[in-house]
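A short worksheet on the structure shown next.
What follows is calculated from the coordinates using simple rules that are stated; it is not laboratory data. Keep in mind that this is a model prediction, so the values were computed, not measured. Every residue, glycine among them, receives a Cβ derived from its backbone with ideal geometry; neighbour counts consider all protein chains shown.
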Amino acid sequence: MMNNNILYMEEWYKIIGACMNIHKELGPGFLEAVYQESLAIEFLDQGIPFEKEKEICIFYKDKILDKCYKADFLCFGKIIVEIKALSELSNDHISQLLNYLKATKLRVGLLVNFGSPSLVLTAYSYKFVLICVNLWTKFVGRGCSNILLCPKSSVK
């Protein structure tokens, strides 16, 4: 049974399942571009609507700046998915996702790191980290013990 208290729970499950499939198949060690291309294929196969390398424009005093950023994916038109392939994430990576959320005024995003032996996923909102204990329980219950959901620690 899904917890309806977590925003977009059904969509999270689908995105996380796609990420888990890729990590199970490829494991760590590839470049981010390999995981990005694989995730696009997995999203298509699972019928997850997405935009790859979604341009994010920044506004200052109601004027659009020349500098724009690109999020790895925008899924379901409402969830930013930013992927990494690093041994560990830093606060800079978290800040990147939070800035994307702030610029788009979207409510939630997912930071996924394919670079470690265990798949690391952290769900964020612009204001706070989403508590995803139920996701851990659901996936461990399905025999997927290689998922780690990290709570927000020191990011302001």
Quick note on 116, 95, ordering by fewest other C-beta atoms within 10 Å, gives 95, 116
If amide H atoms are modeled at 1.01 Å from N in the peptide plane, then the residues at a separation of 5 or more from residue 50, or on another chain, having amide H under 5 Å from its own are 76
In the structure shown, of 24/84; 24/54; 24/70; 63/84; 54/84; 24/52, the pairs separated by more than 19 angstrom at the C-alpha atoms are 24/54; 24/70; 63/84; 24/52
